[in-house]
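Have a look at the structure below before the remarks.
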Amino acid sequence: MVRGRYALVVALPKGRHFADGYQALLGAGLPLPPIENGRALLHGREGGIALLELRNHDVPTYVDLGIADVGVVGKDVLLESGRDVYEPVDLGTGACRLSLIRHPEATGPIRRIATKYPRFTAQILRERGWAADIIELAGNVELAALTGLADAVVDVVQTGATLRAAGLVELEVLAHSTARFIVNRQALKLKRDLLRPLIERLRTGARPQG
Ligand code: PRP
């Protein structure tokens, strides 16, 4: 159990937002524990700051349910999660987009869309009045477009290297994403003296006084 054992529990996602998120919080004066053991998933000493290393889609869950007080996660994952967390700061790092992607030779109607973002994709379909089945996949979504599992995919594009390597085409950008600092709503009240100044420093990029 971590609840009550640490002054603050921070959730960071492995992958594209980890290093920038860690640096942003450290730069804002939060004394994060060092990542000493590469295999450990929970860092920090009792009474201090705990750091949880999570899969990116799990960060909003840990923060919303109050296991972590705060976290850093991409807006793409936040949109997908539907979790009701407080999102006070756009850190601006890790810019990427959620796009509709196809094989260049696929020209028929889009009847099946594969994605790691089924809720987001369903929302887009509703907004546009498009009818298509959504196939939820866990990763390597480009393969669905390459193999014909789906007529198109909705996935993250950052540099575009994965798309180019697979010979796929970005048809449309559906949403833009950057890293967000998120806060559990109850923790915001209970740990206000710690969190309000931290949010302010993250917003202004200022370091703590003294
Ligand atoms: C995303 C996406 C692509 C890749 C795109 O995966 O699924 O594979 O990044 O990036 P690029 O445009 O720079 O090539 P991600 O690394 O986010 O994996 P995960 O979400 O499955 O952990």
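The values are calculated or read from the model by the stated rules, or taken from the named source; none is laboratory data. Small disclaimer: the values here were computed from a predicted structure and weren't measured. With ideal geometry, Cβ positions are generated from the backbone for all residues, glycine too; neighbour counts draw on all protein chains shown. SASA here: full protein model, heavy atoms, side chains in, ligands and nucleic acids out. Shrake-Rupley method; radii C 1.70, N 1.55, O 1.52, S 1.80 Å.
In region 134-148, which residue that is over 12 Å from Lys116 (Cα atoms) and open to solvent by 70 Å² or more (accessible area, probe 1.4 Å) is farthest from the ligand (Cβ to nearest atom)?
Thr147
Please state which one of Ala11, Ala24, Ala68 is in contact with a Ser or Thr (Cβ under 8 Å, 6 or more places away or on another chain), among the small types (Gly, Ala, Ser), closer than 20 Å to Leu188 by Cβ and away from the ligand (no atom under 14 Å from the Cβ).
Ala24
I'd like the full set of residues that are of a type in the set (A, V, I, L, M, F, W, C) and open to solvent by less than 40 Å² (accessible area, probe 1.4 Å), limited to region 92-110.
Scanning region 92-110 gives Cys96, Leu98, Leu100, Ile101, Ala106.
Step by step: first the residues of region 149-168, then only those that are among the small types (Gly, Ala, Ser) and near the ligand (Cβ under 6 Å from one of its atoms), then the one that is least open to solvent (accessible area, probe 1.4 Å). Which residue is that?
Residue satisfying both the conditions and the ranking: Gly160.
Which residues, taken from region 34-87, are outside any loop (DSSP other than H, G, I, E, B), among the small types (Gly, Ala, Ser) and in contact with a Leu (Cβ under 9 Å, 6 or more places away or on another chain)?
Of everything in region 34-87, those that are outside any loop (DSSP other than H, G, I, E, B), among the small types (Gly, Ala, Ser) and in contact with a Leu (Cβ under 9 Å, 6 or more places away or on another chain) turn out to be Ala50, Gly71.
Tell me which residues, restricted to region 116-153, are in a helix (DSSP H, G or I) and farther than 16 Å from Leu174 by Cα.
Glu142, Leu143, Ala144, Ala145, Leu146, Thr147
In the set Arg83, Arg119, Arg196, Arg192, which member is within 16 Å of the ligand (Cβ to nearest atom) and of a type in the set (Lys, Arg)?
Being within 16 Å of the ligand (Cβ to nearest atom) and of a type in the set (Lys, Arg) holds for just one of Arg83, Arg119, Arg196, Arg192, which is Arg119.
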